[in-house]
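K.L.:
Can you keep this structure in mind? I'll have questions shortly.
The values are calculated or read from the model by the stated rules, or taken from the named source; none is laboratory data. Since this is a predicted model, take the numbers as computed values, not measurements. Heads up, the Cβs are rebuilt from the backbone with ideal geometry, glycines too, and the neighbour counts pull from every protein chain shown.
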Amino acid sequence: GPAAPWPDWAAIAWRAKEPLSIEEVYVAPPKAGEVRVRVIANALCHTDTYTLDGHDPEGLFPCILGHEAGAVVIDVGEGVTSLVPGDHVIPCYTPECREPSCIFCASPKTNLCPKIRSTQGKGLMPDGTSRFTSVRTGEKLYHFMGCSTFSEVTVLSEISCAKIDKDAPLAQVCLLGCGVSTGWGAVWNTCKVEAGSSVAVFGLGAVGLAVVQAAKIAGARAIYAIDTNASKFEAARALGATDCIDPSGLPDGQTATQALVAKTTWGVDFTFDCTGNTGVMRGALEAAHRGWGVSCVIGVAASGHEIATRPFQLVTGRTWKGTAFGGWKSRTHVPQLVARVQRGELSVEPFISLTLDGIEATGEAVKALHSGAILRAVVRY
Ligand code: NAD
Ligand code: AHE
Ligand code: ZN
């Protein structure tokens with residue numbers, strides 16, 4: 001029979017707004033269609049800290065956060081055919097079931113496979129239960145975004161695992177599990193930014209800077225980079241921004257939108273919100289070009305916040321759209337992005353501000369991201 005379970009370490013979020021607690025957890029073996037993985041490296045995304053701060057309407061506690069990671073398969077549950085122990089994977093919060101009956105997987109228009117979304121949103125595996133138990137209290141802990149990578153060991157759905165080349169450095173390509181892939185895909189997939197266009201990016205964290213990088217690769221002629229934290233401008237310029245704007249430092253109380261319209265006459269061809277601030281989302285839409293401008297919402301807004309604009313902004317030719325994971329079909333496209341990074345065609349290095357060792361460093365990474373001083377902090381477990 002199975003050996004007695006032995007515990008692993010995890011960074012537990014017991015309650016909103018409280019620091020993570022490094023404690024032992026029992027991680028149950030994978031059930032049918034699931035895989036158990038050892039997390040090798042985890043990068044911290046704003047969405048983790050937003051959820052820890054209690055802003056996610058779907059946020060459940062106690063839980064194990066984390067969704068930007070590289071991992072190695074330990075064992076697989078019944079019926080798993082695409083993975084074997086030892087495989088390297090990037091956990092993906094947007095799965096890809098590839099079932100012939102899945103109209104989303106079958107459509108080239110979207111990556112939003114809904115196969116396990118309802119249980120994922122309830123913090124549970126697809127059978128409606130959790131694999132995590134606190135050693136200290138005996139309580140069950142919720143999963144998060146189908147990943148829960150703030151744990152040395154976690155359990156994932158097979159359809160959430162992008163299998164990647166074993167030679168790819170997990171402490172770097174873990175960034176492709178969320179933010180950087182999202183920024184690139186927003187430009188290339190969701191908006192299909194054309195050569196010669198103008199682009200404005202609001203919010204210069206890893207997501208916004210990946211938008212800058214992708215826009216430059218797409219041949220954008222002008223890239224306006226906007227952030228209230230001017231310390232982000234150096235990285236933005238290095239990645240291709242042609243003009244950096246601090247909205248708090250504009251003359252005569254001008255807004256970033258007014259500044260952009262003044263610089264361009266009719267607005268910017270493509271604008272991106274990478275802040276999650278609904279006021280900024282409105283400003284980004286209204287900075288889009290009369291007649292054809294497209295504005296893409298990438299940022300995730302806090303519970304209770306809604307977007308608004310005058311319908312006239314749409315009547316006069318602007319399009320408001322949004323993206324989840326940059327439109328990438330996870331199991332198909334993430335391995336391809338990893339290969340492009342390995343070939344040196346794309347670089348994730350500019351986004352890694354610091355690398356820390358040991359899961360106990362996760363709290364330090366949270367503080368650093370909160371302070372605005374860093375892009376991505378990678379923690380090697
Ligand atoms: P981050 O915290 O590293 O960066 C956010 C940046 O926005 C910071 O540089 C901050 O100074 C800037 N900012 C904040 N308020 C601003 C304002 N009013 N005006 C201008 N700049 C402002 O975050 P990140 O990890 O890069 O993520 C960015 C956003 O994207 C978050 O909302 C995150 O939840 C979301 N996200 C969405 C997806 C998706 O699939 N749609 C994927 C990843 C992240
Ligand atoms: N749970 C929130 C929404 C959170 C959200 O929108 N998440 C983004 C990914 S953020 C990655 O860092 C997303 O892709 N959402 C699609 C999905 O299916 O969750 C809420 O408002 O309830
Ligand atoms: Zn994320």
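K.L.:
Right, T94: β-branched (V, I, T), within 14 Å of ligand 1 (Cβ to nearest atom), part of a loop (DSSP other than H, G, I, E, B) and crowded, with 19+ Cβ neighbours inside 10 Å or not?
P.N.:
Considered against the rule, which asks whether it is β-branched (V, I, T), within 14 Å of ligand 1 (Cβ to nearest atom), part of a loop (DSSP other than H, G, I, E, B) and crowded, with 19+ Cβ neighbours inside 10 Å, T94 comes out as yes.
K.L.:
Could you tell me whether the stretch 27-47 includes any residue that is within 16 Å of ligand 1 (Cβ to nearest atom), of a type outside the set (K, R), in a loop (DSSP other than H, G, I, E, B) and under 18 Å from A368 (Cα atoms)?
P.N.:
Here is the first cut: in the stretch 27-47, the residues within 16 Å of ligand 1 (Cβ to nearest atom) are 42-47.
If we keep only those that are of a type outside the set (K, R) as well, we get 42-47.
From what is left, the residues that are in a loop (DSSP other than H, G, I, E, B) are 44-45.
Pick out the ones that are also under 18 Å from A368 (Cα atoms) and you get 44-45.
Checked the stretch 27-47: at least one residue is within 16 Å of ligand 1 (Cβ to nearest atom), of a type outside the set (K, R), in a loop (DSSP other than H, G, I, E, B) and under 18 Å from A368 (Cα atoms).
K.L.:
Here's a follow-up. Taking the criterion of being at pLDDT 95 or above, out of contact with any strand residue (DSSP E or B) (no Cβ under 7 Å at 6 or more places or on another chain) and either of a type in the set (D, E) or in the same structural domain as S130 (by TED's automatic domain parsing) (or both), would at least one residue in the stretch 5-13 satisfy it?
P.N.:
Checking the stretch 5-13: not a single residue is at pLDDT 95 or above, out of contact with any strand residue (DSSP E or B) (no Cβ under 7 Å at 6 or more places or on another chain) and either of a type in the set (D, E) or in the same structural domain as S130 (by TED's automatic domain parsing) (or both).
A quick yes/no check of all residues on (1) touching a residue at least 12 places away in the same chain (Cβ under 8 Å); (2) within 15 Å of ligand 3 (Cβ to nearest atom); (3) within 24 Å of L356 (Cα to Cα):
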site: I40; (1), (2), (3): yes, no, yes
site: P57; (1), (2), (3): yes, no, no
site: F61; (1), (2), (3): yes, no, no
site: A69; (1), (2), (3): yes, yes, yes
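K.L.:
Could you check how many residues of the stretch 198-221 are more than 13 Å from ligand 1 (Cβ to nearest atom), touching a helix residue (DSSP H, G or I) at 6+ places or on another chain (Cβ under 8 Å) and not in a helix (DSSP H, G or I)?
P.N.:
3
K.L.:
Within the stretch 40-79, count every residue that is away from ligand 2 (no atom under 12 Å from the Cβ) and among the acidic types (D, E).
P.N.:
The first filter runs over the stretch 40-79 and keeps only residues away from ligand 2 (no atom under 12 Å from the Cβ), leaving 40-42, 52-54, 61-64, 69-79.
Still in the running and among the acidic types (D, E): 53, 75, 78.
So the answer is 3.
K.L.:
Restricting the first residue to the stretch 285-310 and requiring it to be at positive phi, which pairs with a second residue that is polar (S, T, N, Q) meet a Cβ separation below 8 Å and a spacing of at least six or different chains?
P.N.:
Close Cβ pairs satisfying both conditions: G291/T316.
K.L.:
Next question, about the same structure. Hey, can you tell me all the residues within the stretch 341-363 that are exposed (fewer than 14 other Cβ atoms within 10 Å of the Cβ) and assigned to a helix (DSSP H, G or I)?
P.N.:
Correct list: E349 only.
K.L.:
Can I ask one more? Out of (1) closer than 18 Å to H46 by Cα; (2) in a helix (DSSP H, G or I), what's the single condition that is false for C147?
P.N.:
Tallying (1) closer than 18 Å to H46 by Cα; (2) in a helix (DSSP H, G or I), C147 fails exactly one: (2).
K.L.:
Restricting to the stretch 150-182, name every residue that is in a helix (DSSP H, G or I), surrounded by fewer than 24 Cβ atoms within 10 Å (Cβ to Cβ) and not aliphatic (A, V, I, L, M).
P.N.:
E158, Q172 - these are the residues of the stretch 150-182 that are in a helix (DSSP H, G or I), surrounded by fewer than 24 Cβ atoms within 10 Å (Cβ to Cβ) and not aliphatic (A, V, I, L, M).
K.L.:
Step by step: first the residues of the stretch 186-245, then only those that are closer than 25 Å to S371 by Cβ and of a type in the set (S, T, N, Q), then the one that is surrounded by the most Cβ atoms within 10 Å (Cβ to Cβ). Which residue is that?
P.N.:
Q213
K.L.:
Let me ask something additional. Quickly run through the stretch 287-316 and pick out the residues that are within 13 Å of ligand 1 (Cβ to nearest atom), farther than 17 Å from Q258 by Cα and touching a Leu at 6+ places or on another chain (Cβ under 9 Å).
P.N.:
V297
Condition check ((1) under 29 Å from Q172 (Cβ atoms); (2) out of contact with any helix residue (DSSP H, G or I) (no Cβ under 8 Å at 6 or more places or on another chain)) across all residues:
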position	(1), (2)
T49	yes, no
P57	no, yes
V73	yes, yes
V76	yes, no
S107	no, yes
